[in-house]
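Take a look at the structure set out below.
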Amino acid sequence: MQIPSDASGLTAGWLSDVLAVAPGGPFGPVAEVERQRIGEGVGVMSEIYRLAIRYAPEGRPGPATLVAKV
């Protein structure tokens, strides 16, 4: 599985693939993900995002939020 190099790759499809094989899972599928950039302007060399995750009703819900560093 390829790790995204920027925030545009942090999609519902990518998260569905990741969470399907996550420890404690499988979770998903992910219906929607909202990205919010955090840690901006505090000397962080990369981009950090809080991911708010909404799962499809037919799936198994997993974590409601995750943090991703790209």
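The C-beta contact set for segment 31-54 (first residue more than 15 Å from Ala7 (Cα to Cα), second residue open to solvent by less than 40 Å² (accessible area, probe 1.4 Å), distance under 7 angstrom, 6+ apart or interchain) comprises Ala31/Ala12; Ala31/Tyr55; Ala31/Ala56.
Just the residues that are within 10 Å of the chain's Cα centre (by Cα), farther than 18 Å from Ser5 by Cα and part of a strand (DSSP E or B), please, taken from segment 55-68. If the condition is that a residue be within 10 Å of the chain's Cα centre (by Cα), farther than 18 Å from Ser5 by Cα and part of a strand (DSSP E or B), then Thr65 is the only one that fits. Taking the condition of being acidic (Asp, Glu), surrounded by fewer than 14 Cβ atoms within 10 Å (Cβ to Cβ) and either in contact with a Phe, Trp or Tyr (Cβ under 8 Å, 6 or more places away or on another chain) or part of a loop (DSSP other than H, G, I, E, B) (or both), how many residues in segment 1-49 meet it? Summing the residues that are acidic (Asp, Glu), surrounded by fewer than 14 Cβ atoms within 10 Å (Cβ to Cβ) and either in contact with a Phe, Trp or Tyr (Cβ under 8 Å, 6 or more places away or on another chain) or part of a loop (DSSP other than H, G, I, E, B) (or both) in segment 1-49 gives 2.
Is it the case that Glu40 is closer than 13 Å to Leu51 by Cβ and acidic (Asp, Glu)?
Details: closer than 13 Å to Leu51 by Cβ: no; acidic (Asp, Glu): yes.
It is false that Glu40 is closer than 13 Å to Leu51 by Cβ and acidic (Asp, Glu).
Criterion first (surrounded by 13 or more Cβ atoms within 10 Å (Cβ to Cβ), of a type outside the set (A, V, I, L, M) and touching a residue at least 60 places away in the same chain (Cβ under 8 Å)) does Gly59 satisfy it? No.
The values are calculated or read from the model by the stated rules, or taken from the named source; none is laboratory data. Keep in mind it's a predicted model, so treat the numbers as computed, not measured. Neighbour counts are summed over all protein chains in view; Cβ atoms, including those assigned to glycine, are modelled from backbone coordinates with ideal geometry. Protein only, heavy atoms only, side chains kept; ligands, DNA and RNA dropped before computing areas. Shrake-Rupley method; radii C 1.70, N 1.55, O 1.52, S 1.80 Å.
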